[in-house]
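A quick write-up on the structure given underneath.
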Amino acid sequence: MDKKDKDIALFVAFCIEEYGAAKGMAGEHVLDLFSQYGVTDYLCNCFEPLHTQGRQWLIAEIDEFISIKKNKE
């Protein structure tokens with residue numbers, strides 16, 4: 001695994017932990033939610049701009065992303 005892949009993996013893990021802490025959810029439930037709505041793929045594909053943002057902004061961005069996905073269903 002190269003450095004960028006490691007950085008992305010650490011970023012996704014950070015987002016899972018922080019989102020879970022903010023929402024009072026266990027990591028397993030966050031993973032299920034992220035998988036259901038494609039959040040993990042979004043975080044990986046958009047790593048470059050997203051990883052420069054702060055925790056609160058990321059949580060709000062993830063909420064908005066999930067909301068958009070829910071509305072498309």
Here Rg/Rh (Cα, Kirkwood) for segment 1-42 equals 1.01
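Would you mind getting the accessible area per residue of the chain, heavy atoms of the protein chains only, 1.4 Å probe, in Å²?
Working: 4810 Å² over 73 residues.
It amounts to 66 Å² per residue over the chain.
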For the table K3/K70; K4/K70; K23/K70, the rows whose alpha-carbon distance is greater than 25 Å are K3/K70; K4/K70
Binned at 10 Å starting from 0, the alpha-carbon pair-distance distribution of the chain in whole percents comes out as 20, 57, 22, 2
Counting Lys and Arg as +1 and Asp and Glu as -1 over every other residue whose Cβ sits under 13 Å from the Cβ of I8, the net charge comes to -2
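The values are calculated or read from the model by the stated rules, or taken from the named source; none is laboratory data. Because the structure is predicted, anything quoted here is derived from the model rather than measured. Every residue, glycine as well, gets a Cβ built from its backbone with ideal geometry; the counts of neighbours run over all protein chains shown. Note: areas computed on protein heavy atoms with side chains; ligands, DNA, RNA excluded. Shrake-Rupley method; radii C 1.70, N 1.55, O 1.52, S 1.80 Å.
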